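Enquirer: Following this message is one structure expressed as structure tokens.
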């Protein structure tokens, strides 16, 4: 006997005068079960449906999004996606609604619509390590993208740098990875937006100097130190440590390099300037309270800027300062810099350390959590 038959038989037996206790005991049910079906029977409209289960779906859906509003969100998202350089997230969609003098829906409503139509992407997971040293607050992260190619006009690289406090960016296409072009680009950025405390980068040879003479630092390090900016090199093969510029590089490639067909290197240079301006005045970041880089920069006030002429310096002097290398010590207990390595204490195994090359004292100081663990002699050619 199925569930439907039990309900019909229970009501029939009740109508024949059988006690409720006897009925529910024979079916292994509760009295509440019987009274529920007795009520359904008494309120029946016809004899063929009262014993059937009713849908448990809610009769009202107060959170259902209006069809017109949902279409507006999708239209705005599609239009932003078609624009060069634009962001396409919920905050950008909200601001576009306001620009059109339309009351914007809440962020969570926009995100639900985007997710429902499969337009959302999970952000990449970032590797974390709790003992990773954070050296400076005011930092610029820089990187090279490339090589890339312009049809009929050859190869180029893009020098990208970003302020981690304000997300102010600067991109500069360069023909080669020569340190001179990189230094000129850094100088241009610092002339416009001011100095940081530190310049953070990966272990790209153009940033370091020379494999043949690893202790003779190149123009990039020399220029940073000459302006009292600390060069910081992230661990080898850990690009996520430069996470902000790496994420920016992804935006730069999707919204700029792949979005435009460049006719020449000069066309690329011109469009790159437009991209920088658009990004800094339009892109909004949740970490800055949804402010644009230009708006966030105003909160930090005026910074001191580079006002020299880098082209007049044939060789940038190296006289003072500290160069920082963040490294992870593995089971071999080797602290590996550019082309050199130093054996460190067993207690440093499987941890991050900061190796400080001090130009003034001609030494290599190894610290863990700020505590000095080793001091090695480190003779560096200087211009005294």
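Enquirer: Filtering segment 189-206 down to residues that are surrounded by 16 or more Cβ atoms within 10 Å (Cβ to Cβ) and without any contact (Cβ under 8 Å) to a residue 60 or more places away in the chain, which residue is farthest from residue 280 (Cα to Cα)? So that I can check it myself, show each step before the final result.
Expert: Residues of segment 189-206 surrounded by 16 or more Cβ atoms within 10 Å (Cβ to Cβ): 189-190, 193-196, 198-203, 206.
Subsequent filtering for residues that are without any contact (Cβ under 8 Å) to a residue 60 or more places away in the chain retains 189, 202.
On the way: 189: 13, 202: 24 Å.
Within segment 189-206, the match that is farthest from residue 280 (Cα to Cα) is 202.
Enquirer: Please go through segment 275-287 and give me each residue that is buried (at least 16 other Cβ atoms within 10 Å of the Cβ) and either under 17 Å from the mean Cα position of the chain (by Cα) or over 14 Å from residue 163 (Cα atoms) (or both), ordered by number.
Expert: Of everything in segment 275-287, those that are buried (at least 16 other Cβ atoms within 10 Å of the Cβ) and either under 17 Å from the mean Cα position of the chain (by Cα) or over 14 Å from residue 163 (Cα atoms) (or both) turn out to be 275, 278, 279, 280, 282, 283, 284, 285.
Enquirer: I'd like the full set of residues that are within 13 Å of residue 4 (Cα to Cα) and in a loop (DSSP other than H, G, I, E, B), limited to segment 26-53.
Expert: 47, 48, 49, 50, 51, 52, 53
Enquirer: Within segment 159-168, can you find the residues that are part of a strand (DSSP E or B) and closer than 19 Å to residue 302 by Cβ?
Expert: The one that is part of a strand (DSSP E or B) and closer than 19 Å to residue 302 by Cβ: 163.
Here's the yes/no breakdown for (1) assigned by TED's automatic domain parsing to the domain that holds residue 288; (2) in contact with a helix residue (DSSP H, G or I) (Cβ under 9 Å, 6 or more places away or on another chain); (3) assigned to a loop (DSSP other than H, G, I, E, B):
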site: 304; (1), (2), (3): yes, no, yes
site: 317; (1), (2), (3): no, yes, yes
site: 328; (1), (2), (3): no, no, no
site: 356; (1), (2), (3): no, no, no
site: 360; (1), (2), (3): no, no, yes
site: 364; (1), (2), (3): no, no, no
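Enquirer: Given the conditions (1) touching a strand residue (DSSP E or B) at 6+ places or on another chain (Cβ under 9 Å); (2) in contact (Cβ under 8 Å) with a residue 40 or more places away in the chain, which single one is not true for residue 291?
Expert: Failing condition for residue 291: (2).
Enquirer: Any residue at all in segment 248-259 that is crowded, with 17+ Cβ neighbours inside 10 Å and free of Cβ contacts under 8 Å to residues at least 40 places away in the same chain?
Expert: no
Enquirer: Kindly indicate whether any position in segment 313-321 is in contact with a strand residue (DSSP E or B) (Cβ under 9 Å, 6 or more places away or on another chain) and either crowded, with 16+ Cβ neighbours inside 10 Å or over 21 Å from residue 209 (Cβ atoms) (or both).
Expert: Yes, because at least one residue in segment 313-321 is in contact with a strand residue (DSSP E or B) (Cβ under 9 Å, 6 or more places away or on another chain) and either crowded, with 16+ Cβ neighbours inside 10 Å or over 21 Å from residue 209 (Cβ atoms) (or both).
Enquirer: While we're on this one: Kindly indicate whether residue 223 is touching a strand residue (DSSP E or B) at 6+ places or on another chain (Cβ under 7 Å), surrounded by 15 or more Cβ atoms within 10 Å (Cβ to Cβ) and assigned by TED's automatic domain parsing to the domain that holds residue 256. Walk me through it before giving the result.
Expert: Working: touching a strand residue (DSSP E or B) at 6+ places or on another chain (Cβ under 7 Å): no; surrounded by 15 or more Cβ atoms within 10 Å (Cβ to Cβ): yes; assigned by TED's automatic domain parsing to the domain that holds residue 256: yes.
Criteria not met by residue 223.
The values are calculated or read from the model by the stated rules, or taken from the named source; none is laboratory data. Predicted, not measured: the structure shown is a model, and the values here were computed from it. Because the Cβ atoms are built from the backbone with ideal geometry, glycine has one as well, and the counts that use them run over all protein chains shown.
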